[in-house]
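Written out below as structure tokens is the structure these notes cover.
The values are calculated or read from the model by the stated rules, or taken from the named source; none is laboratory data. Predicted, not measured: the structure shown is a model, and the values here were computed from it. Counting neighbours? That spans all protein chains shown, and the Cβs are built from the backbone with ideal geometry, glycine included.
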Amino acid sequence: MNTNEPITLQRTCDAALIPDGTPIKLEKDSVVYITQSLGGSYTVNINGNLARVDAKDADALGFEPVENNDSEPEKELTGDGSVDEALIWEQLHTCYDPEIPVDIVELGLIYNCSVTPVEEGNQVEITMTLTAPGCGMGEFLAEDVRSKISSLPNVTQVNVELTFDPPWNQTMMSEAARLQTGLY
């Protein structure tokens, strides 16, 4: 996808200003530039401001939307009812900070991931942080994590806790992430 090409919005859609998370409406026929398209959401530049557009609104940008099926029937347990933790980590690698083109695992934002069997299925506990305590995108990232982990087999509950202890710093990034961002 060419980020230098202007995109005219095909319909009005919801978005969130980055970095404070303020909800806004992007009006039909507005011109935006995609700065990042990772993990299913889009970061767009509109009039010099960055905004996050959810995957469900991709059609406003001229792409196929991804439907979020909140009315999904209760999942059945499969196999022995256990959760493959590797699948959890795979899903976490598909969650991106809207300003940084590096996934949250490589950024070092995931402090803990644990799976606990519960009466019906399994509960996944994620403890994560943000690159800055004042970042208004925290709940957007946490919801992205919840949604993606909830879709996995045998996962029936997902709790995401945002913490700032210890505070994040660039040394928590993987070496690949530091090289990619030039922060080495």
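Structural remarks
- Among all residues of the stretch 92-102, there is at least one that is farther than 30 Å from SER30 by Cα and surrounded by 13 or more Cβ atoms within 10 Å (Cβ to Cβ).
- Hits in the stretch 95-109 (condition: in contact with a helix residue (DSSP H, G or I) (Cβ under 6 Å, 6 or more places away or on another chain) and either of a type in the set (Ser, Thr, Tyr) or farther than 18 Å from THR35 by Cβ (or both)): VAL105, GLU106, GLY108
- Here is the figure for the stretch 118-155: residues that are in a loop (DSSP other than H, G, I, E, B) and of a type outside the set (Asp, Glu) total 13.
- Residues being over 16 Å from the mean Cα position of the chain (by Cα) and within 19 Å of THR43 (Cβ to Cβ) - total across the stretch 90-113: 0
- None of VAL115, VAL158, VAL105 is β-branched (Val, Ile, Thr) and part of a loop (DSSP other than H, G, I, E, B) except VAL105.
- Boolean, GLU161 is under 19 Å from the mean Cα position of the chain (by Cα), modelled with pLDDT of 95 or more, among the charged types (D, E, K, R) and surrounded by fewer than 16 Cβ atoms within 10 Å (Cβ to Cβ): yes
- Filter result (within 16 Å of the chain's Cα centre (by Cα) and either under 15 Å from SER174 (Cβ atoms) or hydrophobic (A, V, I, L, M, F, W, C) (or both)) within the stretch 114-128: ILE126, MET128
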